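Readers should treat all values here as calculations from the given coordinates under stated rules, not as data from a laboratory. Predicted model only: the values in this text are computed from it and were never measured. Backbone-built Cβ (ideal geometry, glycine too); neighbour counts: all protein chains shown.
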Amino acid sequence: MMKVKAVLGDYRENVTVKKKNSFLRSIKRDSLLYLLLLLPMAYILIFKYAPIYGVLMAFQDYNIFQGISGSEWVGLDVFKFIFEQNSFYRALTNTLVLNFLDLIAGFPAPILLAILLNELRFVRFKKITQTILYLPHFLSWVIIGGMVYLMFSTGGMANSVLSSLGLGSIEFLSQKMNWLIMYVAVGVWHSVGWGTIIYLAAIIGINKELYEASDIDGCSRLRKIWHITLPGIKPTIIILLILQIGRMISIGFDRPFVMGNSLVSEYSDVISTYVYRIGIGSGDFSQATAVGLFQSVVGLIFLVTANFIAKKIGEQGIW
């Protein structure tokens, strides 16, 4: 029995040494790749993990002059105060509504566009179209907001054309439903081209023999799209849908801030603008941090739940 234990101990020691030597050899062999990895690792550590220390402000009556170490601890009082504010629930509701509308209108758009681009047979026209569709992604929301104001404000180009045709003017940016339509439409226009890149890459990865076999069987283009293209990119669609659901509680600051105005503030005030208003505008960093922490926790719950449901129905999740 002692001999068996000794043999097992020697075997485990040899395995450990071999693994260690293999790891050292891999580092030596791929030293340049590991060196390149240092920069993104440093970025993540400095700008993603180091600021987590600031979450402590959500549980303090934070004083900018005393800092985190000198501020008074108040426990969950900040959260209780926030949850009693009607303005917080308004911002939360607007965030969920706008993100839901973006999900309904914006999520299928790049899928459809990628399929249409893939079906184009004129290569040069396809490349030109792709380039034109990608361009809005590189424009800042400040520029886009100026363009929207010039075109769709009360005295903008669109209303000037409508007035010249005797149709009257439309309040595109000052009425609730019109503003919501403009918000979603501009968002789709801005992101749809860039979103097609992932789906086009997924379509390219589909086995071409499947299309050749469908040609022999006499399948139409619609049949190929329905039975080959869509099932081929289904895992990509599911993963991106899970990530999109995980971002339902969070929303970018630029778009609602630039496109919003005092006439539609009841609908354009979202969590990001709420945090900006109470944190930067009012100097209440404890409230701003608490709202941000709440946003992150709920977003994580959404992400985990969507991934769990996807795996339960037999789809591939993100982990």
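For the reader, a short list of remarks on this structure follows.
- Spacing of the two label points (7 Å from each Cα toward its C-beta) at F138 and Q175, in nm: 3.8
- Largest mean-square fluctuation among D61, D284, D30, in a Gaussian network model of the chain whose springs join Cα atoms under 10 Å apart, belongs to D30.
- Of L56, G145, S160, farthest towards positive along the dipole that unit charges on Lys, Arg, Asp, Glu beta carbons give region 40-182: S160
- For S268, neighbours were defined as the other residues whose beta-carbon sits under 15 Å from its Cβ, and their charges (Lys and Arg +1, Asp and Glu -1) total -1.
- Binning the alpha carbon pair distances of region 185-319 at 5 angstrom intervals from zero yields the distribution 2, 9, 12, 14, 14, 14, 11, 9, 6, 4, 3, 2, 1, 0, expressed in whole percent.
- Cβ charges +1 (Lys, Arg) and -1 (Asp, Glu), total dipole of the chain, debye: 1620
- Links that overshoot a 25 Å alpha carbon limit, given the list K224/K312; K126/K224; K48/K234; K48/K312; K126/K311: K224/K312; K48/K234; K48/K312; K126/K311
- Of all the options I225, I52, I197, the one that moves most in a Gaussian network model of the chain with Cα springs shorter than 10 angstrom is I52.
- At 1.567 mPa s and 4 °C, Stokes D of the chain from Kirkwood alpha-carbon radius, µm² per second: 53
- The dipole here belongs to region 132-232: it is taken about the Cα centre, uses +1 on the Cβ of Lys and Arg and -1 on the Cβ of Asp and Glu, and is about 140 debye.
- Sequence-separation-based contact order of the chain, relative, with Cα cut under 8 Å and 6+ spacing, percent: 24
- Working ranking of peptides 252-258, 72-78, 121-127 by packing, defined as the average number of other Cβ atoms within 10 Å per residue, highest first, is 252-258, 72-78, 121-127.
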